[in-house]
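See below for the structure under consideration.
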Amino acid sequence: HGRMHSYLRISITENCNLRCTYCMPAEGIALTPKAHLMTTDEIISIAQTFVNLGVNKIRLTGGEPLVRKDAKDIIQRLGKLGVELTLTTNGILVHDFIDTFKEAGVHTLNVSIDSLQEDKFNQITRRNYFDKFWENLELLDANGFQLKLNVVVIKDFNDDEIIDFIEMTKDRNIQIRFIEFMPFDGNQWKKDKLVSYAEILSQVNDRYSVENVERLTDKPNDTAKNHKITSYKGSFSVISSVTNPFCSTCNRIRLTADGKLKNCLFSNSETDLLHNLRTGKSIEPLIFQNIKLKMAIRGGMDDDDKFQNPELFSQNRSMIMIGG
Ligand code: SAM
Ligand code: SF4
């Protein structure tokens with residue numbers, strides 16, 4: 001489909017210190033035995049192969065990447081590969097990583113927060129880390145990291161906070177990224193819980209009036225539709241994988257914590273790179289094969305009926321096992 005894949009997202013753990021309802025199934029997940037997970041050396045070796053093939057950006061994710069015991073070592077070693085290195089984190093442990101991020105050349109971080117209200121934050125994460133989250137966000141800000149805040153918008157849960165989030169961009173140069181709620185195995189997705197890009201924008205236009213809402217130019221391969229309120233320092237964007245998939249410019253590939261390559265967040269087929277690596281075989285042919293099989297749109301779920309069909313989306317892993 002003419003797409004160049006230069007951005008690798010590596011999940012380094014399936015574990016997490018939060019239990020977000022839309023990510024982690026209520027009954028929890030059966031964790032993959034440690035022996036089946038990539039070791040630090042294996043992560044670096046696979047990442048190096050991708051870099052040799054042209055990958056120039058790596059994002060660490062999970063689960064929560066910072067709960068992994070050797071996360072510092074992984075970040076430091078990936079920092080030496082000469083790529084743009086970044087992470088998606090829930091922020092709860094970042095106080096322990098400030099120096100590591102700086103030494104590894106991490107400049108930008110995506111931090112997830114779905115509510116600015118303590119009771120709702122606790123409800124969605126099923127944990128009580130609200131104060132720690134804010135303390136750490138301020139710490140990242142004070143240390144000069146460029147911050148993007150990921151907000152999964154869910155109808156009748158936090159769609160009344162869209163404007164409150166945008167108001168955070170008034171005096172701070174941060175980006176708020178509203179993410180359309182996506183269906184995955186066990187996350188109780190329902191169409192009526194979805195708040196679409198169009199609905200988000202309509203709320204924003206009503207509040208600020210259309211002439212004050214600027215549509216920014218998106219970067220090539222950007223999944224986000226970028227906007228800002230004129231005169232505000234920061235910006236906001238919408239990741240509309242459900243209502244406006246951005247597959248035609250997708251440059252992403254994903255490696256799960258157990259060493260499987262997924263060519264799309266929504267694909268239900270995977271290629272086991274770790275097995276070949278452990279048996280001393282080259283993983284390059286598998287990488288090419290996997291990417292050639294990438295479907296044009298959302299793992300083959302190319303229309304709304306397929307995308308919203310639980311029989312199809314439940315053949316995929318839950319988000320916590322993929323790495324968002
Ligand atoms: N633990 C880290 C965090 O929460 O930022 C990284 C992993 S998390 C799976 C990555 C991102 O995926 C988070 O911003 C999370 O909100 C988002 N996410 C998880 N499940 C989702 C879903 N069903 N729909 C949309 N976004 C989702
Ligand atoms: Fe953990 Fe992130 Fe999933 Fe929340 S979204 S349960 S923080 S992995």
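Assorted remarks:
- For Arg9, the amide hydrogen comes within under 5 Å of the amide hydrogens of Arg59, Ile253, Arg254, Leu255, counting only partners 5 or more places away or on other chains and with H modelled in the peptide plane.
- Counting beta carbons within 10 Å around each of Asp218, Asp304 and listing the fewest first gives the order Asp304, Asp218.
- Computed from backbone phi with θ = phi - 60° and the Karplus coefficients 6.51, -1.76 and 1.60, the 3J(HN,Hα) list for the stretch 147-164 is 10, 10, 9, 8, 10, 7, 8, 10, 4, 6, 10, 10, 5, 7, 10, 4, 5, 4 Hz; x is used for glycine and proline.
- Most to least packed among 33-44, 233-244 [average Cβ atoms within 10 Å]: 233-244, 33-44
- Distances between placed amide hydrogens fall under 5 Å for Asn150 paired with Val111, Ser112, Ile113, Arg177, all partners being 5 or more residues away or on another chain.
- Think of the chain as a dipole: +1 on every Lys or Arg Cβ, -1 on every Asp or Glu Cβ, centred on the Cα centre; then among Leu18, Ser115, Thr256, Thr256 lies furthest on the positive end.
- Left without a cysteine partner by the 4.7 Å Cβ rule in the chain: Cys16, Cys247, Cys250, Cys264.
- Long-range HN-HN contacts of Asp272 with modeled amide H, under 5 Å: Leu261
- Within the stretch 118-162: Cβ-based charge dipole about Cα centre, in debye rounded to nearest 20 (Lys, Arg +1; Asp, Glu -1): 280 debye
- Net charge of neighbours whose Cβ lies under 13 Å from the Cβ of Arg3, counting Lys and Arg as +1 and Asp and Glu as -1: +3
- Here is how the number arises for the chain: DSSP H runs of 4 or more residues each give -39500 (n - 2.57), the sum is divided by the residue count, and the result at 222 nm is -7500 deg cm²/dmol.
- Radius 13 Å from Cβ of Val55, net charge of other residues (Lys, Arg +1; Asp, Glu -1): +3
- Beta bridges per DSSP, both residues in the stretch 7-322: antiparallel share near 25 percent.
- Kyte-Doolittle mean at least 0.0, axial Cα span of 15 Å or more - DSSP H helices of the chain: 40-52
- Total charge dipole magnitude, the stretch 7-322, about the Cα centre, Cβ charges on Lys, Arg, Asp, Glu only, Debye to nearest 20: 980 debye
- Greater than 29 Å apart at Cα, pairs in Lys34/Lys148; Lys72/Lys170; Lys34/Lys262: Lys34/Lys148; Lys72/Lys170
- With 21 Å as the limit, the listed pairs Lys120/Lys219; Lys132/Lys155; Lys191/Lys260; Lys57/Lys281; Lys260/Lys294; Lys80/Lys292 have Lys120/Lys219; Lys132/Lys155; Lys191/Lys260; Lys57/Lys281; Lys80/Lys292 beyond it between alpha carbons.
Readers should treat all values here as calculations from the given coordinates under stated rules, not as data from a laboratory. Just so you know, these numbers come straight off a predicted model, no measurement behind them. All Cβ positions, glycine included, derive from the backbone under ideal geometry; neighbour counts span all protein chains shown.
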